[in-house]
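**Q** The following block contains the structure, expressed as structure tokens.
The values are calculated or read from the model by the stated rules, or taken from the named source; none is laboratory data. Everything numeric in this text was worked out from a predicted model, so none of it was measured. FYI the Cβ positions are ideal-geometry reconstructions off the backbone, even for glycines, and counts take in every protein chain you see.
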Amino acid sequence: MRSWQVERRKRTRHLIELGGLVVKSGVVDLTGDDRAVILGALIWMADKLKSEDREKARALWAEKGKEAFATER
């Protein structure tokens with residue numbers, strides 16, 4: 001397999017995993033699969049990570065994510 005194919009497969013897997021997180025979070029069901037709303041929420045999150053509240057937001061979101069992964073097991 002060529003190196004570009006390997007890299008393409010890695011990228012595809014990564015994108016699928018990220019999409020899975022969006023579904024796992026419940027956002028897809030809660031928004032009725034409204035992609036404009038989902039994108040808007042992600043943009044809001046990115047803006048928050050660019051703000052002075054970056055570390056506070058990261059800590060809060062990381063804790064919630066860790067709890068969700070722990071509950072899943």
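**Q** What pairs come out if I take residues in the range 27-50 that are without any contact (Cβ under 8 Å) to a residue 60 or more places away in the chain and charged (D, E, K, R) and pair them with residues that are surrounded by fewer than 13 Cβ atoms within 10 Å (Cβ to Cβ) and not in a helix (DSSP H, G or I) whose C-beta lies under 9 Å away, six or more apart or interchain?
**A** Listed pairs, sorted by first residue: none to list.
**Q** Here's a follow-up. Would you say residue 37 is within 21 Å of residue 72 (Cβ to Cβ), at pLDDT 95 or above and either in contact with a helix residue (DSSP H, G or I) (Cβ under 8 Å, 6 or more places away or on another chain) or surrounded by 11 or more Cβ atoms within 10 Å (Cβ to Cβ) (or both)?
**A** Working: within 21 Å of residue 72 (Cβ to Cβ): no; at pLDDT 95 or above: yes; either in contact with a helix residue (DSSP H, G or I) (Cβ under 8 Å, 6 or more places away or on another chain) or surrounded by 11 or more Cβ atoms within 10 Å (Cβ to Cβ) (or both): yes.
Criteria not met by residue 37.
**Q** Further question on the same structure: Would you be able to tell me the number of residues in the range 1-55 that are assigned to a helix (DSSP H, G or I), of a type in the set (Asp, Glu) and closer than 27 Å to residue 71 by Cα?
**A** Here is the first cut: in the range 1-55, the ones assigned to a helix (DSSP H, G or I) are 3-24, 27-30, 35-49, 54-55.
Right, trim to of a type in the set (Asp, Glu) and you get 7, 17, 29, 47, 55.
Those left that are additionally closer than 27 Å to residue 71 by Cα: 17, 29, 55.
Residues flagged as assigned to a helix (DSSP H, G or I), of a type in the set (Asp, Glu) and closer than 27 Å to residue 71 by Cα within the range 1-55 amount to 3.
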